[in-house]
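To start, the structure under review is shown below, and the notes come after it.
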Protein chains: 2
Amino acid sequence: MLGNFTYSNPTKLYFGKEALDGLNKELPKYGKNVLLVYGGGSIKKNGIYDKVVAILKANGKNIFEDSGVMPNPTSDKLNEGCERARTAKADLILAVGGGSVCDYAKAVSVSAHCGEDPWEKYYIRFEDVDENTKIIPVGCVLTMVGTGSEMNGGSVITNHAQKLKIGHVFGDNVFPKFSVLNPEFTYTLPKYQMIAGIYDIMSHILEQYFSGEDDNTSDYVMEGLLRSLIHSAEIAVVNPTDYEARSNIMWIATWALNTFVAKGKTTDWEVHMLGQAVGAHTDATHGMTLSAVSMPYYRYILPYGLKKFARYAVNVWRVNPQGKTDEEVAHEGLNAMEAWMKKIGLVMNLTELGANEQMLDGIVKSTLVMEGGYKVLTQDEIYTILKQSL
Amino acid sequence: MLGNFTYSNPTKLYFGKEALDGLNKELPKYGKNVLLVYGGGSIKKNGIYDKVVAILKANGKNIFEDSGVMPNPTSDKLNEGCERARTAKADLILAVGGGSVCDYAKAVSVSAHCGEDPWEKYYIRFEDVDENTKIIPVGCVLTMVGTGSEMNGGSVITNHAQKLKIGHVFGDNVFPKFSVLNPEFTYTLPKYQMIAGIYDIMSHILEQYFSGEDDNTSDYVMEGLLRSLIHSAEIAVVNPTDYEARSNIMWIATWALNTFVAKGKTTDWEVHMLGQAVGAHTDATHGMTLSAVSMPYYRYILPYGLKKFARYAVNVWRVNPQGKTDEEVAHEGLNAMEAWMKKIGLVMNLTELGANEQMLDGIVKSTLVMEGGYKVLTQDEIYTILKQSL
């Protein structure tokens with residue numbers, strides 16, 4: 001655990017089949033005006049919308065709606081949401097949905113009263129908020145698992161005109177004040193979305209795991225999270241209503257990205273930068289953009305983090321290292337990972353997501369280069385990895 | 001992750017070699033009167049006292065001292081501390097020390113203004129505190145690792161007259177508001193105290209691990225924490241100033257008992273009940289009371305949690321299960337654990353701690369029986385386990 005760091009996470013979690021009851025404990029803490037934020041309306045079909053509205057009404061709240069949040073929420077939508085939040089004089093933003101809805105709610109939270117173009121302020125200039133910034137508190141009811149947005153300050157917004165998809169990680173005063181995590185709410189999610197979410201979780205862990213050379217407790221914890229995720233994902237793919245599997249996946253998602261396992265690590269995030277660049281050009285599902293670029297990326301950087309990739313193979317994929325070189329062990333681990341990804345049904349190439357060779361130069365230009373992993377990529381290397389991902 | 005639960009942990013952690021600087025960020029949030037709580041004065045020898053006092057003065061605080069907190073803080077001392085806190089009109093209790101000092105500070109926090117005998121109220125009747133209870137906020141500067149008290153609501157107090165050592169787990173409004181974790185502050189601790197703390201951590205994890213039958217992510221995380229602890233403890237015992245090892249141990253201690261890994265588990269805590277009963281009769285070091293009773297206890301309950309003990313052997317102690325029965329694997333795991341405990345120098349019997357056969361009836365009577373583990377013990381079974389521990 002090298003370096004100095006602080007840890008602080010004020011989000012209160014309500015977990016389980018009765019988790020929605022937590023709203024009755026939280027809502028009285030806020031004023032009357034609630035901006036109810038959600039996506040394309042699936043929560044109306046599965047009944048979650050009705051349940052939430054009934055609880056809001058029972059708690060005497062004025063409900064203002066902001067629906068239609070898209071899977072990759074845009075800067076245009078953000079401007080619209082800020083206007084709605086101001087008109088509603090919102091005392092609380094209640095996000096009901098997946099990571100996109102939570103990300104968007106946090107963006108509105110810090111932007112509604114910021115007095116300027118939030119895209120420029122937060123996603124281009126990366127300005128911070130502090131205790132004096134006027135923030136509208138956010139609460140979440142999670143209906144889709146993966147991003148970890150329910151317990152962190154992350155917020156990814158896409159600007160179509162600029163072909164940029166950029167995340168800002170805000171400090172703990174922007175974290176959701178509370179999040180409701182009922183694994184049953186994720187049952188009706190289409191399989192494609194479910195497995196994309198599962199790989200998003202895995203990628204979050206790997207982005208943090210494949211960094212640093214020290215003997216860090218976080219690595220041991222991440223190996224445990226990965227093993228639990230691999231095990232539960234195999235069950236959930238076969239039986240999407242296995243409560244135990246879905247609840248483990250939901251819990252892992254939260255802890256993969258609530259800052260805990262990042263402590264003492266440099267962290268990489270290059271797979272996300274590649275995936276987000278693809279997303280900005282194709283609007284493909286986030287988790288699938290990550291899965292499509294992961295194997296070429298990891299095989300490319302393997303020589304620069306050989307010992308860690310060998311450890312990964314043994315501790316996560318249970319590769320037997322006897323009589324093998326570190327390189328053989330490391331490759332065997334990545335091969336096991338690839339086979340598992342195919343088995344659960346992930347998209348393994350960018351072509352399937354609508355990308356093609358003509359788009360590569362543009363995607364390369366949209367890809368931010370990170371410095372916390374085992375290799376700082378050049379533009380040529382990014383091109384090579386993306387081409388291998390087609 | 002069966003059942004419904006909430007997770008909330010408001011403690012802010014400052015970690016690393018510069019962690020004490022965090023005090024400058026935290027102190028301005030509180031009033032002028034600080035009750036500085038510490039133990040037998042080792043912090044005056046190693047210079048931590050001077051550093052803390054300098055920061056308090058630089059922040060314009062009035063310092064009121066409450067020293068002499070003993071390793072097993074007593075109800076008499078608690079009454080004295082409450083009196084001091086009231087006289088000081090304390091706005092903040094700053095605990096500088098190990099788990100006992102933190103536990104004691106939390107006890108004073110909830111008791112100073114409770115208007116009755118705190119031992120009776122909190123440790124016999126187990127009354128809860130709520131948001132209306134007048135609490136003096138607590139901050140911690142940790143100098144000894146093990147109890148996890150720096151990020152939870154736990155508080156163990158001993159009543160010598162009643163020969164009882166009882167813990168109360170308070171809600172999150174009693175958690176320390178902040179804790180300063182500098183691994184270097186633990187360097188000067190005598191080896192006996194260090195390894196007792198290491199086993200306290202291991203026991204905290206095992207009390208939670210050996211419960212429940214479900215497929216819980218917490219178990220995977222605990223296996224990671226255990227493997228990191230085993231690895232770092234072996235280094236720290238040989239080289240107590242290995243920063244990496246000591247920092248991992250400090251971090252594991254915090255996460256072993258800040259409620260995270262307990263989520264979705266029933267949890268046992270019988271080893272702690274046995275150890276605390278021994279402590280009430282002998283005043284022996286807490287971690288050593290746990291190590292002395294652990295092997296007889298775990299071997300006794302092994303048949304009732306066979307699959308979990310076999311999993312423990314494979315995943316934590318890397319026992320090769322091929323061609324062996326679950327029972328053989330499970331016993332091999334406990335044997336490996338026992339050998340490791342001896343190797344790092346733990347006390348493996350109660351005789352060495354000052355207990356004898358004549359005291360056993362009294363210790364049995366002081367032992368609370370828990371219901372979350374694999375076997376609810378009878379009085380006879382407790383006697384048998386304690387006798388085997390002599």
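Here are some conditions: (1) open to solvent by 30 Å² or more (accessible area, probe 1.4 Å); (2) over 18 Å from the mean Cα position of the chain (by Cα); (3) aliphatic (A, V, I, L, M). A:LEU36 meets all but one. Which one does it not meet? Only one criterion is unmet by A:LEU36, namely (1). Taken over the range B:333-369, the criterion of being surrounded by fewer than 19 Cβ atoms within 10 Å (Cβ to Cβ), assigned to a loop (DSSP other than H, G, I, E, B) and touching a helix residue (DSSP H, G or I) at 6+ places or on another chain (Cβ under 9 Å) is satisfied by B:GLY345, B:MET348, B:ASN349, B:GLY354, B:LEU368, B:VAL369.
When you check B:LEU206 against the structure, is it more than 8 Å from every other protein chain (Cβ to nearest Cβ), out of contact with any strand residue (DSSP E or B) (no Cβ under 8 Å at 6 or more places or on another chain) and under 23 Å from A:TYR209 (Cα atoms), yes or no? Taking the combined requirement at face value, the residue does not satisfy it. The residue that is surrounded by the most Cβ atoms within 10 Å (Cβ to Cβ), among those in the range B:167-185 that are part of a helix (DSSP H, G or I) and within 13 Å of another protein chain (Cβ to nearest Cβ), is B:PRO183. Which of the residues spanning the range B:370-390 are not aromatic (Phe, Trp, Tyr) and not in a loop (DSSP other than H, G, I, E, B)? Answer for the range B:370-390, where residues must be not aromatic (Phe, Trp, Tyr) and not in a loop (DSSP other than H, G, I, E, B): B:GLN379, B:ASP380, B:GLU381, B:ILE382, B:THR384, B:ILE385, B:LEU386, B:LYS387, B:GLN388, B:SER389.
Checked against the criterion of being open to solvent by 10 Å² or more (accessible area, probe 1.4 Å), in a helix (DSSP H, G or I) and away from every other protein chain (no Cβ under 14 Å), the candidates B:TYR192, B:TYR199 yield just one match: B:TYR192. Restricting the range A:221-250 to residues that are out of contact with any helix residue (DSSP H, G or I) (no Cβ under 6 Å at 6 or more places or on another chain), more than 11 Å from chain B (Cβ to nearest Cβ) and in a helix (DSSP H, G or I), which is surrounded by the most Cβ atoms within 10 Å (Cβ to Cβ)? Out of the qualifying residues, it is A:GLU234. Taking the residues in the range A:251-291 that are part of a helix (DSSP H, G or I) and within 14 Å of chain B (Cβ to nearest Cβ) as candidates, determine which candidate is nearest to A:HIS204 (Cα to Cα). By that ranking, first place goes to A:ALA256.
When restricted to residues that are polar (S, T, N, Q) and open to solvent by less than 10 Å² (accessible area, probe 1.4 Å), the range A:1-32 contains 2.
For (1) in contact (Cβ under 8 Å) with a residue 24 or more places away in the chain; (2) among the aliphatic types (A, V, I, L, M); (3) within 7 Å of chain B (Cβ to nearest Cβ); (4) more than 22 Å from A:ASP103 (Cβ to Cβ), each residue gets a yes or a no:
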| residue | (1), (2), (3), (4) |
| --- | --- |
| A:ASN4 | no, no, yes, yes |
| A:SER8 | yes, no, yes, no |
| A:LEU13 | yes, yes, yes, no |
| A:GLY16 | yes, no, yes, yes |
| A:LEU23 | yes, yes, no, no |
| A:PRO28 | yes, no, no, yes |
| A:VAL37 | yes, yes, no, no |
| A:ILE43 | yes, yes, no, no |
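Looking across A:SER211, A:SER218, one residue alone is open to solvent by less than 10 Å² (accessible area, probe 1.4 Å), assigned to a loop (DSSP other than H, G, I, E, B), over 19 Å from A:MET144 (Cα atoms) and not aliphatic (A, V, I, L, M). It is A:SER211. May I ask you to verify whether A:GLY139 is within 16 Å of the chain's Cα centre (by Cα) and under 24 Å from A:ILE249 (Cα atoms)? Against the criterion (within 16 Å of the chain's Cα centre (by Cα) and under 24 Å from A:ILE249 (Cα atoms)), A:GLY139 does not qualify. So, B:ILE301, is that one at pLDDT 95 or above and either away from chain A (no Cβ under 14 Å) or surrounded by 24 or more Cβ atoms within 10 Å (Cβ to Cβ) (or both) or not? Yes.
The values are calculated or read from the model by the stated rules, or taken from the named source; none is laboratory data. Note that the structure is a prediction, hence the values are computed from the model and not measured. With ideal geometry, Cβ positions are generated from the backbone for all residues, glycine too; neighbour counts draw on all protein chains shown. Heads up: the accessible areas ignore ligands, DNA and RNA and are worked out on the full protein's heavy atoms, side chains in. Shrake-Rupley method; radii C 1.70, N 1.55, O 1.52, S 1.80 Å.
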